Amino acid sequence: MRRKALKIILGVLLLWSAIFTVDWVTVSCFDHSPIFCVKDGESSHFSGLGYSYDAYPHPISGEFQYCLYVFGVSTISTFTD
């Protein structure tokens, strides 16, 4: 029983890691909004499972900028003033 529970937990963690990685690569490398996140209305905030992004092109330079939040804590930000 323990072994089965451990396999299920490990499978869920691997699936979450894969989804998180795909979204991170999509935002950071391809300058595109995340794939597995839900957009919050008209804003530029995208919410996933345990993580979220604020992502949009800079209004003046047009450069794609984002901020990654993991469990509500800002971890990576490329925003400029």
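The values are calculated or read from the model by the stated rules, or taken from the named source; none is laboratory data. Since the model is a prediction, treat every value here as computed from it, not as a measurement. Note that we place each Cβ from the backbone using ideal geometry, even for glycine, and neighbour counts take in every protein chain shown. Protein only, heavy atoms only, side chains kept; ligands, DNA and RNA dropped before computing areas. Shrake-Rupley method; radii C 1.70, N 1.55, O 1.52, S 1.80 Å.
General remarks:
- In order along the range 62-78, the phi-based Karplus estimate (6.51 cos²θ - 1.76 cosθ + 1.60, θ = phi - 60°) of 3J(HN,Hα) comes to x, 5, 6, 10, 8, 9, 9, 10, 10, 6, x, 9, 5, 10, 9, 9, 10 Hz; Gly and Pro are listed as x.
- Cα lying deepest toward the dipole's positive end in the chain, options Tyr66, Ser52, Val12, charges on Cβ: Val12
- Amide H contacts of Tyr51: Phe71, each under 5 Å away and 5 or more positions distant or on a separate chain (H built 1.01 Å from N in the peptide plane; Pro and chain starts excluded).
- The range 2-81, accessible surface, carbon-and-sulfur percent (1.4 angstrom probe): 67
- Rg [Å, one decimal], Dmax [Å, integer] - the chain, C-alpha atoms: 15.2, 58
- 3J(HN,Hα) along the range 46-61: 10, 10, x, 7, x, 8, 8, 10, 10, 9, 6, x, 4, x, 9, 7 Hz, from the Karplus curve 6.51 cos²θ - 1.76 cosθ + 1.60 with θ = phi - 60°, whole Hz, x for Gly and Pro.
- For the range 3-14, backbone phi angles converted through the Karplus equation (6.51, -1.76, 1.60; θ = phi - 60°) give residue-by-residue couplings of 4, 5, 5, 4, 5, 5, 4, 4, x, 5, 5, 5 Hz, Gly and Pro being listed as x.
- The charge dipole of the chain, taken about its Cα centre with unit charges on the Cβ of Lys, Arg, Asp and Glu (plus for the first two, minus for the last two), comes to roughly 900 debye.
- Sequence-distant contacts, meaning Cα pairs under 8 Å at least 6 residues apart, place the relative contact order of the chain at 16 percent.
- For the chain, calculated [θ]222 nm from helices alone, where every DSSP H run of n ≥ 4 adds -39500 (n - 2.57): -12000 deg cm²/dmol
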